[in-house]
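So the structure is just underneath, and the comments pick up after that.
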Amino acid sequence: MSDAALPAGLEAEATAERIEDKAFGFWIYLMTDGVIFALLFATYVVMTVGTAGGPTGADLFNLTHTFGETMLLLVSSATFGMASVAAREGDRRAVLLWLVVTAALGVGFVIMEGLEFSGMIAQGAGPDRSGFLSAFFTLVGTHGAHVSVGILCILVMLAQIAARGLTPPVASRLFRLGLFWHFLDIVWIGIFSIVYLPGVL
Amino acid sequence: MFGRLTIEALPLYSAIAMGGALIVVFGTLAVMAAITWMRAWGYLWREWFTSVDHKRIGAMYVILALIMLVRGFIDAIMMRTQQAIAVNSDGYLPPDHFDQIFSSHGTIMIFFMAMPFLTGLINLVMPQQIGARDVAFPYINAMSLWLTASGAALVMVSLVIGKFSTAGWTAYPPYSGIDYSPYVGVDYWVWAVLLSGIGSTLSGINFLVTIIRKRAPGMKLMFMPLFTWTTLCTSVLMAFAFPAVTVVGVLLELDRVAGMHFFTSGDGGNMMNFANLLWIWGHPEVYILILPAFGIYSHTVSTFSGRKLFGYTSLVWATCAIAILSFTVWLHHFFTMGSSANVNSAFGIATMIIAVPTGVKVYDWLFTLYRGRIRFTVPMLYTIAFIVTFVIGGVTGVLLAFPPADYLMHNSTFLVAHFHNMLIPGALFGYFAGLNYWFPKMFGFRLDERWGKRSFWCWVVGFYLAFMPLYMLGFMGMPRRMEHYDVAAWQPYLVVAFLGAVLILVGLTFTIVQIVVSVRRRAELRDPTGDPWNGRTLEWATASPPAPYNFAVIPTVTGRDAFWTMKADGTAWRRPARYEDILIPRNSAFGPLIGAIAFVLGFAAVWHMWWLVALSAVLAAIVVIIRSSNDDTDRLLPAAEVERIETAWLAEVAAAPRPVDEPARGVPSAALPGAAT
């Protein structure tokens, strides 16, 4: 609208400050999301005994499958890291490429999780079977929903980078999305070691 | 298409419920007709609803809070009336309706009266106190407001379409589960709480970033005004406690809708986990409500004593200690649930420890008053009433902190008396003090003192009449939430409590009269200088109401009570060498749009219209994506325009009758409103 009227220096300064505000605010947001996961983890641990005579983790979990999911997610974190490096170099094509790879790995992860869930539901171990399974589906599903939102955000970033290039606001969004993506990786490591490993061992 | 929404949802089951529904419907229609008649829709939309200015958002929060205060109070007086007459009889309210009323009273007063009230005051004042031009994220701020409003709207709609929860404001399972509460009431509760809870989490993050990142040059943390400190601590609590209520609401809804077993009594559910999760939010929430009020009292006590605050450092550390301890006491809300004696003792001791920093604060306020030149203005009256009354509530709290005593008192009216004794003098009187104190900053004129004092006396005396009998009834063994009872000895106390409620009704009416009278006398009550009380902190350095940018030149701070120093140095109200261009965020329909979508989403979820839930979720995602892809959000206020606004204001200051350099002359109070005569 009145873009031309804004003095460039003033606006650049405001944008720079705003980017720092947003980075700090995003760290705090991640901490609040961490509280949500912490409470879901605590609920899960409390409810592992609540199987109500139904299947337990040992009956249901398949570590090979989970290992596959873990690999997809860990590698996707690495590829997002490559995208961040490329963004710092200002290489728009490389950023786009690495983001597409990251999104594809994320989609693979979500598909694997969907297969696991549908398999469990098919054998009568759905979230309404027992308190334990409610907690399992909700904790792991909340993480999966976060990954799905992350994929959606990657698609939005692809569009923005393609249309506008790596302007400071766009690059700053990419940085925050990176924080989010790596955060989900850390949460997944928690899920792997608190849900799947003890469930099987 | 309409899920489980049928014509049965209209409140045809009771004349009283129908009456309530009609009041809501016709009240809404009357307001809309009045706005249409005044042709004010365009003005309201452009200047208010789409505004991202923290002062306007703050004012809208406060207006929402006052509306919901009236609704929550109507619930309260209906309960008091019922209990005053329902000895060995059914009274006038059927049990199902009575249960809805105590549930909505608690929900409204916590989530839709107190939360918007304090968030509004913080929005209005905190950025000005730290010398900032706005909060860090103005658009998220607007979104928080409209999410809160959408939650409030859901509660109001439940009066007309369907029923509200009968499970109390804490919605404990298994009663709130689908087996015992199959209808929509609990779903209304969950969705109202979820929507406003997301708004509060975002507000917490927003204020936290604002205080850490947006302070004026020179304002160290230990130079910050006390209200900013309490806001900082409250924001930390909002950001980290509210996710817990989000989790507990979602899990309860998954039980109800998806047949899960988080809190069911069979199939591996765990009801105690609900109490834990709820109070992990719920106890910090108590301090979210009360810490901002502590901040307000710290300002009123010092301004109206004409002294600097006694024990600033200890007040800051007491606030921080309370904020941290508030996360360590949640189990005292359910001592009787059967944790071991060791667990109960640990939480009992932690609870008693909180009384220590709180006591420190009370002494700091008392020592500030000591040898002060006290002006008995409305905010000061509330402050003094608070100090006296709050100590009584604090003492009963320490009593309840003993698990053995709690076993006797829990679920009785003693508990009801205790927490009202904390939250009415502790929080609500503080908000009233803040409203009277900062109202000129909102609208440019003071509130009428005479009606304010009348209202104050009704509130305070009414409070004592309404709640002291409940302490005694608690000792006599009366449980809370009784629709009728057969112990005749209780009735006299309940009649006194009812009279107290009537007196509070008069007080509330006088509050409304006070606002109306003040609006009519606004020319007389005009605050030309922006500093109507001889204030000490930076919010008084701006005009009343402030320009959109607050400060034409960001002040440099060298100590506490920055504005007092400026007045003493003679640097207040000084024209700078030159004015500069200022960028301010442009208005946006984003906030109201997200609020409207959230309301539709919540309403659709309550009535199981899943297609509409999906549609509004997609719409919300699209709106957020569009909004967050926009890099062009500022408009420029040219230096010439800034100069015009500032020159006009400074001329008004110069023409104002009061001396502008009181601290230097040492005659701070004589010519001011409320000065002793």
- [ ] For region A:17-79, just the Cα atoms, rotate onto the principal axes and tell me the three extents in Å, largest first.
- [x] 57, 29, 9
TODO: For chain B, find the longest principal axis of its Cα atoms and tell me its angle to the long axis of helix B:429-443, 0 to 90°, nearest 10.
DONE: 50 degrees
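At a Förster radius of 25 Å, what calculated FRET efficiency corresponds to the Cβ-Cβ distance of A:Thr56 and B:Tyr180, to the nearest 0.05?
Numbers: r = 29 Å, r/R0 = 1.17.
E between A:Thr56 and B:Tyr180, to the nearest 0.05, is 0.30.
Taking the Cα centre of the protein assembly as shown as origin, work out the dipole magnitude from +1 charges on Lys and Arg Cβ and -1 charges on Asp and Glu Cβ, in debye rounded to 20.
Working: 52 positive and 52 negative charges, 527 e Å.
With only Lys, Arg, Asp and Glu charged at Cβ, the dipole is about 2520 debye.
With a 10 Å Cβ neighbour count serving as the proxy for reagent exposure, in which order, fewest first, do B:Trp317, A:Trp188, B:Trp169 appear?
Details: B:Trp317 14, A:Trp188 24, B:Trp169 18.
By the 10 Å Cβ count, ascending: B:Trp317, B:Trp169, A:Trp188.
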Open item on the list: Quick check: the angle from helix A:131-164's long axis to the longest principal axis of chain A, C-alpha only, nearest 10 degrees?
Closed with: 20 degrees
Open item on the list: Modelling each spin label as a point 7 Å along the Cα-to-Cβ direction, I'd like the B:Thr647/A:Leu10 distance in nm, to one decimal.
Closed with: 1.8 nm
- [ ] Convert each backbone phi in region B:566-580 into a coupling constant with the Karplus relation 6.51 cos²θ - 1.76 cosθ + 1.60 (shift: θ = phi - 60°), then list the ³J(HN,Hα) values in order as whole Hz, x for Gly and Pro.
- [x] 4, 5, 5, 6, x, 9, 6, 6, 9, 6, x, 4, 8, 9, 10
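Would you kindly state how much longer the chain becomes between B:Ser629 and B:Ser339 on full extension, computed as 0.36 nm times their sequence separation minus their alpha carbon distance, in nm to one decimal?
Numbers: separation 290, 0.36 × 290 = 104.40 nm, distance 5.08 nm.
Additional length available on full extension: 99.3 nm.
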Open item on the list: P(r) for region B:1-110, please, calculated from all Cα pair distances in 5 Å bins and given in %.
Closed with: 2, 9, 13, 17, 17, 14, 13, 9, 4, 2, 1, 0
Task: Which of B:Thr313, B:Thr230 has the fewest Cβ neighbours within 10 Å, and the rest in rising order - done: B:Thr313, B:Thr230
- [ ] List, in order, the whole-Hz ³J(HN,Hα) value for each residue of region B:34-48 obtained from phi through the Karplus relation with A = 6.51, B = -1.76, C = 1.60 and θ = phi - 60°; use x for Gly and Pro.
- [x] 4, 5, 5, 4, 7, 6, 9, 4, x, 4, 4, 5, 5, 8, 10
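At 0.36 nm per residue, minus the direct Cα-Cα distance, what do B:Leu499 and B:Met476 gain on full extension? Give it in nm, one decimal, please.
Length gained, B:Leu499 through B:Met476: 6.3 nm.
Return the average number of partner chain Cβ atoms within 10 angstrom of each residue Cβ along peptide B:238-248.
Numbers: counts 1, 5, 5, 2, 2, 9, 4, 0, 4, 10, 2.
Per-residue shielding by partner chains comes out at 4.
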TODO: Using the 2.2 N^0.38 Å rule of thumb for compact globular proteins, work out how region B:177-283 stacks up: its C-alpha Rg over that value, please.
DONE: 1.41
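Find the all-direction average of the projected area of the Cα convex hull for chain A, expressing the result in square nanometres with one decimal place. Mind dumping the intermediate values first?
Details: hull surface 51.2 nm².
Result: 12.8 nm².
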Open item on the list: Using each residue's phi in region B:495-504, evaluate 6.51 cos²θ - 1.76 cosθ + 1.60 at θ = phi - 60° and report the 3J(HN,Hα) Karplus result to the nearest Hz, with x for Gly and Pro.
Closed with: 5, 4, 4, 4, 4, x, 4, 5, 5, 5
TODO: May I ask you to compute the full-extension gain from B:Thr565 to B:Arg526, defined as 0.36 nm times their residue separation minus their alpha-carbon distance, rounded to one decimal in nm?
DONE: 11.6 nm
TODO: Rounding to the nearest 20 debye, state how big the charge dipole of region B:394-526 is about its Cα centre with +1 on each Lys and Arg Cβ and -1 on each Asp and Glu Cβ.
DONE: 800 debye
Open item on the list: As a quick test, which of the pairs A:Lys22/B:Lys308; B:Lys214/B:Lys453; B:Lys163/B:Lys441; B:Lys220/B:Lys361; B:Lys163/B:Lys361; B:Lys214/B:Lys361 have an alpha carbon distance above 31 angstrom in this structure?
Closed with: A:Lys22/B:Lys308; B:Lys214/B:Lys453; B:Lys163/B:Lys441; B:Lys163/B:Lys361
Task: Placed amide H near B:Phe445: partners under 5 Å, 5+ positions off or other chain - done: B:Asp527
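Can you give the average number of partner chain beta-carbon atoms within 10 Å of each beta-carbon in peptide B:621-631, as a whole number? Intermediate results must be reported in sequence, preceding the final value.
Details: counts 3, 0, 0, 1, 6, 1, 0, 5, 9, 1, 11.
Mean shielding by partner chains, rounded to a whole number: 3.
Report the relative contact order of chain B, percent, no decimals, based on alpha-carbon pairs under 8 angstrom and at least 6 residues apart.
Numbers: 1125 pairs, mean separation 121.2, N = 677.
Over chain B, the number comes to 18 percent.
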Open item on the list: Placing +1 on the Cβ of each Lys and Arg and -1 on the Cβ of each Asp and Glu in chain B, which of B:Gly131, B:Met409, B:Leu252 has its Cα farthest towards the positive end of the resulting dipole?
Closed with: B:Gly131
TODO: Return the distance in nm (one decimal) between the two label points of a simple spin-label model at B:Trp41 and B:Met352, each offset 7 Å from Cα along Cα→Cβ.
DONE: 6.3 nm
Task: Globularity ratio of the protein assembly as shown, using Cα Rg and 2.2 N^0.38 Å - done: 0.97
Open item on the list: How big is region B:394-526 along each principal axis, measuring the range of its Cα positions in Å and listing the largest first?
Closed with: 57, 30, 19
TODO: Return the long-range amide H neighbours of B:Asp634 (sequence gap of 5 or more, or a different chain), with a cut-off of under 5 Å between placed amide H atoms.
DONE: B:Arg586
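Calculate, for B:Ala640 and B:Lys308, the FRET efficiency according to 1/(1 + (r/R0)^6) with r their C-beta to C-beta distance and R0 45 Å; round to the nearest 0.05.
Values: r = 39 Å, r/R0 = 0.87.
About 0.70, to the nearest 0.05.
Determine, for B:Thr107, B:Thr336, B:Thr529, the number of other Cβ atoms within 10 Å of each Cβ, and report the residues in order from fewest to most. All intermediate terms of the calculation are to be shown ahead of the outcome.
Working: B:Thr107 27, B:Thr336 14, B:Thr529 23.
Sorted ascending by nearby Cβ count, the order is B:Thr336, B:Thr529, B:Thr107.
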Task: Helix axis angle, B:449-475 relative to chain B longest principal axis, alpha carbon, degrees - done: 30 degrees
Open item on the list: If I model a spin label as a point 7 Å beyond the Cα along the Cα-Cβ vector, how far apart are those points for B:Ala655 and A:Glu89 in nm?
Closed with: 6.7 nm
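Round to the nearest 0.05 the FRET efficiency obtained for B:Met272 and B:Ile63 when R0 = 41 Å and r is the Cβ-Cβ distance. Don't jump to the answer; show the numbers that get you there.
Details: r = 40 Å, r/R0 = 0.97.
Here the calculated transfer efficiency is 0.55.
Quick note: the coordinates plus some simple rules give every number you see, no bench work behind them. Every value quoted in this text rests on a predicted model; they were computed, and no experiment measured them. Cβ: placed from backbone, ideal geometry, glycine included. Neighbour counts: every protein chain shown.
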